[in-house]
Structures are given as structure tokens and as C-alpha cells.
Amino acid sequence: MPTDQPPKTPTTLHILVGTMTNTAEYVAQAIELDSSDLIERIEVRMMDGLGPEVFDDPDALYVICCSTYGTGDVPDNAQALYAALDAQPRFLGHVRYGVITLGDSLQYPQTFANGGRLFDARLSDLGAVRLGDLLVLDASSDDNPETVGAAWCREWLALALSSPRAAQAG
């Protein structure tokens, strides 16, 4: 049933972190510090122990900040959430998200930055909508991942908060 109320603007950014060496966590923390003026609330959450219900907030945006482990897998602390999204599928059409994926192109060229790409595919399969392009951070580059991640997120948030689809997420 249609309402006369305008669509809600997202008020919270949930940054969900999958990491083995803490680099993804440092990127998420840099985003939290750098982007707090753009959105009412930023919550950085490690993926340990999270299930699909983490995506139940209809007034939120999400950033998956995930490294890659081993032969292109999601990190250990992200395995349970990743598996639960498959084992307990639910429609996530209200979810608007971005992805920061980390890897090392020199050591793992075949599976470079695959952890975040796996989450992107899984969320998309469940109806969630990615806003903007993936940010791919390469440990083999000279770029500072925290600086690049924070700058990307400021641009991404501007896009997400101005997107009609983001506003209709509520």
C-alpha cells in the first residue's frame, strides 16, 4: 500500500569486515574516522559470529570490507557469514551496498581480491543491489589502503545517499 511519506534516507553505514591480517579492519576504521560527517552513524563490525540478520536494517547502507585468504577464499572470520547467506537464503532486495576487496596481485594473480568478489556475487544473487564499482586494494601497490579506502568511501557515500534507489531502501 503506497504511503504519502517520502522515502527514508539511510542513516547508518554498517561496515562489515572480513580479515586475517587486520588490514581490512584498518581500512574500515579509517572510513569511520573520515566519513562521520556524511552520515548519522557508522558502525564497524567484524564478521565473526554474524548471520544474515545483519542485513535486517532497512534504514542502512552496507560496505563489505573483505580481504582474500588462501586460494581465493573469504577470511576465516567471514566464513560463517558467507556460508549462512547460502544455507539460510533470504531476499535482500532492500540492501544497498558497496564492496572494498583486498588482495595481493603478485602473490595470488589467479585469485586476486576474490574474497570481496565472492560476497558481491552472493549478495547480488539474493537481490541486494551494489551501488558503484568495487574498490580493489592491492597489497603489492605503493598505495596506502586506509587513505584510498577512506577517499573511495566518501565518494561512494555521496553516490549512495543521492541515489533514488538508496533512498528507497527503507
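We did not get these values from a lab; they are worked out from the coordinates using the rules stated. Everything numeric in this text was worked out from a predicted model, so none of it was measured. All Cβ positions, even for glycine, are placed from backbone atoms using ideal geometry, and neighbour counts span all protein chains on display.
Amide H to amide H distances under 5 Å link Ile42 with Leu13, where only residues 5 or more positions off or on other chains count and H is placed in the peptide plane.
Place a +1 charge on the Cβ of each Lys and Arg in the chain and a -1 charge on the Cβ of each Asp and Glu, then give the dipole magnitude about the Cα centre in debye, rounded to the nearest 20.
Working: 10 positive and 24 negative charges, 104 e Å.
Charge dipole of the chain: 500 debye, to the nearest 20.
Simple rule: put +1 on each Lys or Arg Cβ and -1 on each Asp or Glu Cβ in region 29-88, find the dipole, and look at Met47, Leu33, Asn77; the Cα lying farthest toward the positive end is Asn77. Secondary structure note: in the chain, about 5% of the DSSP beta bridges are antiparallel. Overall form of region 49-163: oblate. Here a/c, set by the Cα gyration tensor axes a ≥ b ≥ c, is 1.5 or more, and a/b is not larger than b/c. Please give the calculated 222 nm ellipticity per residue for the chain, where each DSSP H segment of at least 4 residues contributes -39500 (n - 2.57) and the sum is spread over every residue; nearest 500 deg cm²/dmol? That comes out to -10500 deg cm²/dmol. The Cβ shell under 15 Å around Gln107 holds other residues with a net charge of -3, Lys and Arg each +1, Asp and Glu each -1. In region 1-112, the C-alpha radius of gyration followed by the widest Cα-Cα span (Dmax) gives 15.6, 55 angstrom.
Suppose R0 equals 22 Å. What FRET efficiency, 1/(1 + (r/R0)^6) with r the Cβ-Cβ distance, do Ala83 and Asn22 give to the nearest 0.05? Computed FRET efficiency for Ala83 and Asn22 comes out at 0.50. The mean sequence separation of alpha-carbon pairs under 8 Å and at least six residues apart, normalised by the residue count of region 63-170, gives a relative contact order of 30 percent. Relative to the dominant Cα principal axis of the chain, helix 76-87 is inclined by about 50°.
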